[in-house]
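The values are calculated or read from the model by the stated rules, or taken from the named source; none is laboratory data. Keep in mind that this is a model prediction, so the values were computed, not measured. Every residue, glycine among them, receives a Cβ derived from its backbone with ideal geometry; neighbour counts consider all protein chains shown. With ligands, DNA and RNA removed, areas are computed over all heavy atoms of the protein, side chains included. Shrake-Rupley method; radii C 1.70, N 1.55, O 1.52, S 1.80 Å.
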Amino acid sequence: MIKEITLQGEIDKLNAEHLILCKNNPKDGFYKSNQILKKAESFKYSKGIGESLRNLAFSSQLLGLIPEGYEYANRAVKIFEEIGDKKNLAHVYHTLGFILDYLDNQAKRLEINIKCLELSRELKEEDWIIRTLNNTGDCHTKLKSYKEAIKCFTECLDLLNREDTFMYSVVTCNLGEVYYCNEQIKEAASHFELSKNNAILNNSKGIEITNILFLSKCLFKQGEDDEALKLLKEAISQIEEIHIKSKD
């Protein structure tokens, strides 16, 4: 009995370490999580199996192994539902939402995101609530449910700490996209400008360039072709600069 408890503790510790590794080095995290999965399975330790599958799903998503990640995530969901592990279940739902986005199954993604949001609220995990609201809003945008998308992004912004300029720039850009898709071009442009300024503050070049491209599209919509082309050239120039630096 003591040996079994010690082994379970060792597996729990390694799974916690490997979750961080999966984020920083998905390839190594994937390999090591697979080793622990085999160990947990040999001892029929459900929580250990579930957490190893959680890590494998997470690292698979980051590595672009979408079919594998989908399988790992669904296996993990089944285990966490059976043992009533709500925190891990919310984490796997979060990963599964991203995988379903890759698969462009927005209806299923919305269902999973709503489950994740409900659990995150129940667990009072504010960071999860914010991120899941953002993901759910993106899902509503792709499903053309613009009112619901705006509702999600607005609540997300209300919960955000304004010092988190990265997340603020992500959400305001997403909100701008909703307005753009809904033909509210002036409202969209104001959010893209706000997002761009926040992206500059946190040195997020990818988000900054995305907003410049969106602002260019807004100008085209408003018939300001010369200004739109100027912004488009600026975005291309910044992309080329990043490409040259990455080569070096």
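S237 - would you say it is open to solvent by less than 60 Å² (accessible area, probe 1.4 Å) and of a type in the set (G, A, S)?
Numbers: open to solvent by less than 60 Å² (accessible area, probe 1.4 Å): no; of a type in the set (G, A, S): yes.
Taking the combined requirement at face value, the residue does not satisfy it.
A quick yes/no check of all residues on (1) under 17 Å from the mean Cα position of the chain (by Cα); (2) over 22 Å from T95 (Cα atoms); (3) of a type outside the set (S, T, N, Q):
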| site | (1), (2), (3) |
| --- | --- |
| E126 | yes, no, yes |
| I129 | yes, no, yes |
| K147 | no, yes, yes |
| T154 | no, yes, no |
| M167 | yes, no, yes |
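Which members of segment 222-241 meet the condition of being modelled with pLDDT of 90 or more and either in contact with a strand residue (DSSP E or B) (Cβ under 6 Å, 6 or more places away or on another chain) or among the β-branched types (V, I, T) (or both)?
Passing the criteria: only I236.
Only residues in segment 169-196 that are open to solvent by 10 Å² or more (accessible area, probe 1.4 Å) count as the first member; pair them with residues that are basic (K, R) and assigned to a helix (DSSP H, G or I), Cβ under 6 angstrom, at least 6 apart or cross-chain, and list the lot.
I185/K221
Within the bounds of segment 1-19, is there any residue that is assigned to a helix (DSSP H, G or I) and closer than 28 Å to K142 by Cβ?
The initial filter retains those residues of segment 1-19 that are assigned to a helix (DSSP H, G or I), namely 2-19.
Subset that is closer than 28 Å to K142 by Cβ: none.
No: segment 1-19 contains no residue that is assigned to a helix (DSSP H, G or I) and closer than 28 Å to K142 by Cβ.
Scan segment 197-220 for residues that are within 21 Å of L143 (Cβ to Cβ) and open to solvent by less than 20 Å² (accessible area, probe 1.4 Å) and report the count.
Residues that pass the stated criteria total 0.
Quick one: is T165 crowded, with 16+ Cβ neighbours inside 10 Å and modelled with pLDDT under 90?
Details: crowded, with 16+ Cβ neighbours inside 10 Å: yes; modelled with pLDDT under 90: yes.
So T165 passes the test.
Of all residues in segment 204-222, which are closer than 21 Å to Y168 by Cα and either under 19 Å from the mean Cα position of the chain (by Cα) or touching a residue at least 24 places away in the same chain (Cβ under 8 Å) (or both)?
Result: S204, K205, G206, I207, E208, I209, T210, N211, I212, F214, L215, C218.
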